[in-house]
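Below: one structure, written as structure tokens.
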Amino acid sequence: MGISRKTKIYLAGHRGFLGTAIYDCLKENDFENVITFTRKELDLSNTIDTLHKLSESEPEIILNAAGMTGGVIFNQKNPASLALQNLLLQNSIFFSATKIPSISRVIYFGSSCMYPRSQNTPMNEELLFRGQLEPTSFAYAMAKLSGVSVGEAINKELNNCSVTSIIPSGVYGPGDNFDLKSSHVVAALIKKFSIAKDENIPEVTLFGDGSPVRQFLFIKDLAKFIVYCLDNFQSSKGIFNVGNEKGVSIAELAQLIKNEVNYKGEVLWDTSKPNGAPYKVLDTGKCLNLGWSPSTSFPEGLRETVSFFSSLK
Ligand SMILES: NC(=O)c1ccc[n+]([C@@H]2O[C@H](COP(=O)([O-])OP(=O)(O)OC[C@H]3O[C@@H](n4cnc5c(N)ncnc54)[C@H](OP(=O)(O)O)[C@@H]3O)[C@@H](O)[C@H]2O)c1
């Protein structure tokens, strides 16, 4: 069952958080022909270089894990870089896919920030493009939405190339970015509680009021889903949410991580800092209908991530 392990796959962004996990998972699943380039070998923001390089290497499938991303404060401070970098990188890949006959399939990663802000029930794929975005991540989300719309346009216009846009909920796990200037919430909380524990700091102050609800996905599960899509669907055109079924509030998340890190101090909330969107939970029904669901429970995933962070010290 599944596609040939000799299929030529170009994995863009193979040294990043998503890319490393996808690379490892492809190798665990015996894919023999995975092509990668360092940024020095191929700067994906250069569309013509990308076209030349991919014309030479003739991949059959592209997994696009290259991009720029960060947490709420990083989004507020770097909106132009986030928009431009993501637009340039994804456009280079999509442009090449429309020009190089060998490329029959592209998998693109969207983001849950692309959904309209004011939701209080799980969001399905139909909701995209149908409401106001969260202001703190507006520029990033617009760039990522543009990628989804180009992907759908390719699906309509071309017969020989299909695009799957995968929208993961907040991804976390080993290999995550723990730099507090740009990290996402799980990594940031693990780092803050760990430092406070190691340095006997009596309290930890977190951004916002703890009320926003978020949904998470363990990085290794996301990588497994990519391999599942490759193996089970020749094209799987379209847009798919992927995540754990339930959301948790940031206050609950803080408690879980505090316990996992074994920090005994107090948690304070800095309400002068933004909460971000109040509720970001994806409806993963379409993905469940493909016959796939994540296998790692949230506590298990957190334990592995805390243990990974400890190994960095
Ligand atoms: N992290 C999440 O929670 C999350 C959730 C949903 C969607 N996504 C999406 O997934 C993608 C990857 O995210 P990530 O968290 O894995 O980011 P990451 O760890 O920062 O990795 C980004 C990768 O892109 C590469 N890259 C950046 N600019 C490049 C350029 N000009 N030319 C060639 N390669 C370039 C980087 O190369 P170097 O190794 O040289 O730096 C790196 O390998 C992004 O598009 C993001 O929007 C991420």
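Since every read-out is calculated from the coordinates, none of them should be taken as a lab result. Note that the structure is a prediction, hence the values are computed from the model and not measured. Note: ideal-geometry Cβ built from the backbone for every residue, glycine included; neighbour counts use all protein chains shown.
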Given 297-310, 179-192, the highest-first ranking by average Cβ count within 10 Å works out to 179-192, 297-310
Tilt, helix 79-99 to longest principal axis of the chain (alpha-carbon atoms), in degrees rounded to tens, equals 20
Taking 30-38, 251-259 and ranking on average Cβ neighbours within 10 Å, highest first, one gets 251-259, 30-38
If every Lys and Arg gets +1 and every Asp and Glu gets -1 at its Cβ, then about the Cα centre segment 96-251 yields a dipole, in debye to the nearest 20, of 300
Charge dipole of segment 4-70 built from unit charges on the beta carbon (Lys, Arg +1; Asp, Glu -1), centred at mean Cα; most positive-end Cα among Leu63, Ile9, Ser45 is Ser45
So for the chain, using the alpha carbon gyration tensor with a ≥ b ≥ c as root eigenvalues (a/c under 1.5 gives rounded; past that, a/b versus b/c decides prolate or oblate), I'd call it prolate
Between the Cα axis of helix 47-57 and the main Cα principal axis of the chain, the angle (0 to 90°, nearest 10) is 60
Once the dipole of segment 110-269 is set up from charges on Cβ (+1 Lys and Arg, -1 Asp and Glu), the residue from the list Ser149, Ile190, Val261 lying farthest towards its positive end is Ser149
With +1 at each Lys and Arg Cβ and -1 at each Asp and Glu Cβ, the charge dipole magnitude of the chain around its Cα centre, to the nearest 20 debye, comes out at 240
Computed ³J(HN,Hα) along segment 126-140: with the Karplus parameters 6.51/-1.76/1.60, θ = phi - 60°, integer Hz and x for glycine or proline, the list is 5, 7, 4, 6, 10, x, 5, 8, 5, x, 5, 10, 4, 5, 4
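Considering only the other residues whose Cβ falls under 10 Å of the Cβ of Ser293, what net charge follows from Lys and Arg at +1 and Asp and Glu at -1?
Taking every Cβ under 10 Å from that of Ser293, the sum is -2.
What order, most packed first, do the peptides 159-165, 62-68 have when packing is the mean number of other Cβ atoms within 10 Å of each residue? Don't skip to the end; give the middle numbers.
Values: 159-165: 19.3, 62-68: 24.7.
Sorting 159-165, 62-68 by mean packing, highest first, produces 62-68, 159-165.
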In terms of the charge dipole of the chain, which places +1 on Lys and Arg and -1 on Asp and Glu at the beta carbon, the residue among Ser169, Ser111, Ala21 farthest towards the positive end is Ser111
Summing -39500 (n - 2.57) over every DSSP H run of at least 4 residues in the chain and dividing by its residue count gives a helix-only mean residue ellipticity at 222 nm, to the nearest 500 deg cm²/dmol, of -13000 deg cm²/dmol
